[in-house]
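Derivation of every value follows stated rules applied to the coordinates shown; laboratory data play no part. Every value quoted in this text rests on a predicted model; they were computed, and no experiment measured them. Positions of Cβ are backbone-derived with ideal geometry, glycine not excepted, and every protein chain shown enters the neighbour counts.
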């Protein structure tokens, strides 16, 4: 997992949209939902621009806790404009909270993988895709695989190392 931070930076740099709208959100959200149904993944999927939600689904086995974790991950992406799993690795804080000096309330912000920035070419980060319900590395990987498929990129080339999921 030593190279994961650099790999996530590469994911963030390469998983960029020419445009992102309601149709794109629905296509990606639906693809994640179909995978979750096929693999019995008990997840919540939340895709939003900064001003509104575009796609939301709660799969069998997910709970309100997963929705709350997704909300907190969304807040982290909005604040730092980068993947929450990258933040987990960079911050290296087992208590899942930010340093006291950051002033981020743990009721609203969490260090947990599964939030990924929606980046549009020539616009920057415009929103977030959040998945919650699996181990954080898997939440992250579900999003990256769906983005690679949608953008026609090789998921294997952008995948994280084969280290055991946490």
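A few comments on the model shown:
- Estimated FRET transfer efficiency when R0 is 35 angstrom, pair residue 162-residue 31 (beta carbons, to 0.05): 0.90
- Note on 84, 23, 97: ascending count of other Cβ atoms within 10 Å places them as 23, 97, 84, the fewest first.
- Figure legend: label point modelled 7 angstrom from the Cα of residue 39 along Cα→Cβ; residues of the range 64-97 with amide N under 19 Å from it are 66-67, 70, 84-86.
- Theoretical ellipticity at 222 nm over the chain - DSSP helices of four or more residues, -39500 (n - 2.57) apiece, nearest 500: -14000 deg cm²/dmol
- Within the range 4-158, percent of DSSP bridges classed antiparallel, to nearest 5: 90
- Exposure proxy order (Cβ contacts within 10 Å, fewest to most) of 161, 62, 30: 161, 30, 62
- Using C-alpha pairs under 8 Å with a sequence gap of at least 6, the mean separation divided by the residue count of the range 39-95 gives a relative contact order of 26 percent.
- Net length gained if the chain between residue 51 and residue 23 were fully extended (0.36 nm per residue, minus Cα distance): 8.5 nm
- Relative contact order of the range 4-158, pairs being alpha-carbon contacts under 8 Å that are 6 or more residues apart, as %: 28
- Gain on full stretching of the segment that runs from residue 78 to residue 90 - 0.36 nm per residue minus C-alpha separation: 2.6 nm
- Sorted by Cβ neighbour density within 10 Å, fewest at the top, the residues 99, 82, 9, 73: 99, 9, 82, 73
- Of (1) 23, 21, 17; (2) 29, 25, 14; (3) 21, 18, 17, the label for semi-axes √(5λ) of the Cα gyration tensor in Å derived from the coordinates: (3)
- GNM top mover of 81, 89, 147 - the chain, alpha-carbon springs below 10 Å: 89
- A simple spin-label model places pseudo-atoms 7 Å from Cα toward Cβ; at residue 63 and residue 105 they are separated by 2.3 nm.
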